[in-house]
Every structure is written in C-alpha cells, then in structure tokens.
1. Quick check: pseudo-label points 7 Å beyond the Cα along Cα→Cβ at GLN115 and ARG92, how many nm apart are they?
2. What is the mean projected area of the alpha carbon convex hull for region 96-209, to one decimal in square nanometres?
3. Karplus couplings for region 87-92 from phi (6.51 cos²θ - 1.76 cosθ + 1.60, θ = phi - 60°), rounded to Hz, Gly and Pro as x?
4. Per-residue counts of other Cβ atoms within 10 Å, averaged by peptide: what ranking do you get for 115-123, 257-265, highest first?
5. Please say if region 212-352 is rounded, prolate or oblate, where rounded means a/c under 1.5 for a ≥ b ≥ c the square roots of the C-alpha gyration tensor eigenvalues, and otherwise the choice is prolate for a/b larger than b/c and oblate otherwise?
6. Compute the convex hull volume of the Cα atoms of region 176-220, divide it by the residue count, and report the result per residue in Å³ as a whole number.
7. With each pseudo-label sitting 7 Å past Cα toward Cβ, what's the SER253-LEU147 distance in nm, one decimal?
8. For region 261-335, what class follows from the C-alpha gyration tensor (a ≥ b ≥ c being the square roots of its eigenvalues): rounded when a/c is under 1.5, otherwise prolate if a/b is larger than b/c, else oblate?
Amino acid sequence: MVPLKDHGTFAVISRNYRTNDVINRRKFIQNAAGSALALAAIRIPDTAFSQTSRDPAIIHNRGPAENPFILRGVNLGGWLVLEKWMVPDVYRGSNAPDEYSLSLALGDQAKARLQKHRETFITAEDFRWIKNCGLNAVRLPVGYWALEAPKPFVGAADFLDFAFDQAGQNGLKLVLDLHGAPGSQNGWDHSGRSGEIGWHKSSGNIKETVRVLASLAQRYGKHPALFGIELLNEPSDQIPVEILKNFYLEAYSEIRKYAGPEVAVVFHDSFRAMAWQNFMKGPDYSNVIIDTHLYQLFNEDDSKRTAPEQIVFALSRKSALEQMQEEELPTFVGEWSLALPGNSTEDLSSFQSDLLNGAYADTQLLCFENTRGWFFWSYKLESKSAWNFRYCVEQGWLPEHFPA
C-alpha cells in the first residue's frame, strides 16, 4: 500500500440514503458517466505511468480472450499487517508509527491486543459479504513474521489458516501477498517498520525473504483457494532493478518446488511499469503476473487536476495497461481506490461529489476489465471514506453486485 494514506485532503461526503435512493442514484451516475467513458480511446501512456504507488497484471499475454477468469476482489488491508491510518484503535495510547514499534511498546500485552483485533476486524461474516457482493477474490497482505514471528512481532498463522478456509468455503480465490520484508523494502509503515529502506542492503534480508516465501508455498501451495503468491509488495524504485529481478527469479524457483503452474507467481512492478520486458516469460516461466498499483492523489500532478481531468486521466490508463500486457506480462491492478486530492473536489456540492465518485469508479472498472483483474484497497477501515469498499458500495459509488 502507499505511504501514509492518512489523508485529510480527501473530503468524504457522508450522507444516509434510503435503499431505493441509492439504487436510483447509482443508475443516474452510470448514465452521467457514459459520455466520459466514450473517451476511453484517449492515449497518454507516459503520464499514465508516472505514479508513486500501487500498479496492474494477467495469466499470459493476451488477457481475457484466452483467460476468461477475471479477478474482481478486495484487499484485506489493516488486518494481518497493521496500518495506523486504517485501524487507529489498535494503536490507542501509543505514538508508535508501525506494527514493529507498537508491538515493542506493548511488550507482553501485544499478543492480546493484536489477537482481539484479528478476531474482530475480519470475520466469517466479512467473507460471506464479499461473496454475496459478487466478488470472486481477496488479496491478503501478510508480513514476513506471519508464520514464524521474530520479536517483537506477533505471529498470525492461525488467522492465515482461517482466511484460506473462509475463502474456500465461499468460493473465493486468494492472492497471498508478502507485504512486509525484513529490513523494509520501502521504508513505509505497511512494510512492518517505517524508516530506512534496508531490505536490499543485506543479502541476509533477501535470503530470509525467499525462505519465508518458500515456507508460505509449502504450507498453502496445494490449497484449492490459492490463486497466487505475490513475492513482495511495493518494493521501492530506489532498489536497483537487477537486485529485484534476481530476487524474483530465485523466489519463483523456490515457490515452484511446492506450488505447480496452476498457482500464479505475482511480482510488483516497483513503480517502474515498463522495466519488465523480456523478463520471466515462457516457456521457462509459467503463470507469471505483474501487479501494478494505480492511485491519483500522491504526486504534484495529481493535485493539479480538476474533477473532469481526473476522469480523463483515469481513462488514459487503459492504453498504459494494454501496453504492459502486450510488451511484458499479464497484469492485474492489485490496489486502487476512489480517493482523490482535495483540490479536485473542494468546490463540488455533495451531489456533484457523488457524481464524481461514481464516474471515477466506473471509469477505473472499465479500464481494468481488459486486465487479469483488480483488488480495491481496501475492503474496510475503521472510518468511512473513499478507501473503504463497503462504504463505497453503501453510498452507491460502486455497484452493489458484480458479475460472476
């Protein structure tokens, strides 16, 4: 996930509508978005790639025509890897910025607090809700401490097992995403420990990451709910690409010892969308997918766009995603949301904000349908916002049901 998504810049319009009002509003929003969606042929590949977090992926080079199964899902963020802006209650009474610091500060009390959070934040009811919404997949962020937890981390093996069982019972596919690695691959809180980007500076860190991935594959590689294993979430673009490539190759080989070609091996593009040409292609490599994360609020260009310009820019992503799949590998969008900079929305009425949110949602979904799929960030938060999938559905910005 991107750095510190604790953004007060995005003003969420919170209104309570009756069910029929939401349905009618959704239909109106879809019609209002129609003229904007007609612009989908617009091509701005260079600017479409200039992002700083979360990018796209598919199972081999042509996409939906050859591989009809499109992943439509949500991330279970903030559950087994903490992010303070998403679940601030877990951090109550502490100034800790990340899970490592919180666990260290809580000491012997860390296990009880994290256990309660894990038991209550995502439950069996949530998996049923995801299924009933018509979604078919979840992306599950985990830390390198999930199975064997070095101090001060608290392990989460039982909850990993629970997630796989619930996914299987509800007919959902699961992408197991290694979200945090030893030394931190990006210096952000969602790697487990914020601060220095130290993962690539130690061969021991890289070797341990490969070992963790092999352990996860050994434990879950044959589980029928497993769709794929993602090697590392959002490694910094400061990491030399050759180091990343060598790591991806080694991790692929280890995972294939326990998981056959029916299990996808997913790697993140490291915010370098077109750096992966002629990499990990067949016949030597099978079922490899690129993950790319697409947001429109973290850089200066994002903050300068008007509301209509945000929609046009989102449409331009279609050609960029097509280029990735044609020239590199199948791609899915592992993270996206409806959050936009406050500059784009501050002069809008609540009605206009609703229209913008619905149009922005429809535009992104239209573009992503030609990839291997997508995962919204995130399924739920403690707060109601454009990052909260359930809230977005309740508001009518996202469909209340997705096609099978």
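1. 1.8 nm
2. Details: hull surface 29.9 nm².
Taking a quarter of the hull surface, the average projection is 7.5 nm².
3. Per residue, the Karplus-derived 3J(HN,Hα) values read 10, x, 4, 5, 8, 4 Hz.
4. Details: 115-123: 15.4, 257-265: 17.4.
Peptide ranking by packing, descending: 257-265, 115-123.
5. Here region 212-352 falls in the prolate category.
6. Details: hull volume 2.4 nm³, N = 45.
Output value, Cα hull per residue: 54 Å³.
7. Taking the simple label geometry, SER253 and LEU147 are separated by 1.9 nm.
8. Numbers: a/c = 2.77, a/b = 2.52, b/c = 1.10.
Judged from the Cα gyration tensor, region 261-335 comes out prolate (a/c at least 1.5, a/b above b/c).
Throughout, read-outs are computed from the coordinates displayed, never taken from laboratory work. This is a predicted model, so every value here is computed, not measured. FYI the Cβ positions are ideal-geometry reconstructions off the backbone, even for glycines, and counts take in every protein chain you see.
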